[in-house]
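Colleague: One structure is given below, represented as structure tokens, and several questions about it will come after.
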Amino acid sequence: MVKNKLNLAKDAIDNLTDFNENFEDDAEGENLVDSANFLNEDLITHAKIKTSLAGNLTELKKGFAKVVLQTTSEMIVDEFGLIHSGFIFGSAEYAAVACINEENVVVIGCRSKSSGKSMK
């Protein structure tokens, strides 16, 4: 049963399209502004971040940022297809520093809450 879940998770990940491919498919040959590059022009911090690991900045306003993380099979840590929390935290941290959007932003802590529900 575990093997079947692993295969299902891998198949689901393998069948995902790349985040940027979705924009290219919608363009149908038209020249569209790459939203990630456009937003990064306004981003003061984290200019050299690797978006394949931390996510793509999709919205940026004063006091607000949205990052979309495209997970891959290389991020999986177990036979159930669980993504390592470091990638999730890295994406959340990227959104937090983009929201602040100052030159030398460093996140020194975070808080998280459990819903109290166990996963079975």
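The values are calculated or read from the model by the stated rules, or taken from the named source; none is laboratory data. None of these values were measured; they are calculated from a predicted model. Every residue, glycine among them, receives a Cβ derived from its backbone with ideal geometry; neighbour counts consider all protein chains shown.
Colleague: Name the residue, out of GLY81, GLY90, that is part of a loop (DSSP other than H, G, I, E, B), in contact (Cβ under 8 Å) with a residue 24 or more places away in the chain and either within 15 Å of the chain's Cα centre (by Cα) or surrounded by 14 or more Cβ atoms within 10 Å (Cβ to Cβ) (or both). Step through it out loud before you land on a result.
Modeller: Values: GLY90 fails: part of a loop (DSSP other than H, G, I, E, B).
GLY81 is the lone residue from the list that is part of a loop (DSSP other than H, G, I, E, B), in contact (Cβ under 8 Å) with a residue 24 or more places away in the chain and either within 15 Å of the chain's Cα centre (by Cα) or surrounded by 14 or more Cβ atoms within 10 Å (Cβ to Cβ) (or both).
Colleague: A further question on this structure: Return the only residue of ILE13, ILE44 being modelled with pLDDT under 95 and either surrounded by fewer than 13 Cβ atoms within 10 Å (Cβ to Cβ) or not in a helix (DSSP H, G or I) (or both).
Modeller: ILE44
Colleague: Working only within segment 66-78, note down all residues that are touching a helix residue (DSSP H, G or I) at 6+ places or on another chain (Cβ under 7 Å) and either surrounded by fewer than 15 Cβ atoms within 10 Å (Cβ to Cβ) or modelled with pLDDT under 95 (or both).
Modeller: Within segment 66-78, VAL68, SER73 qualify.
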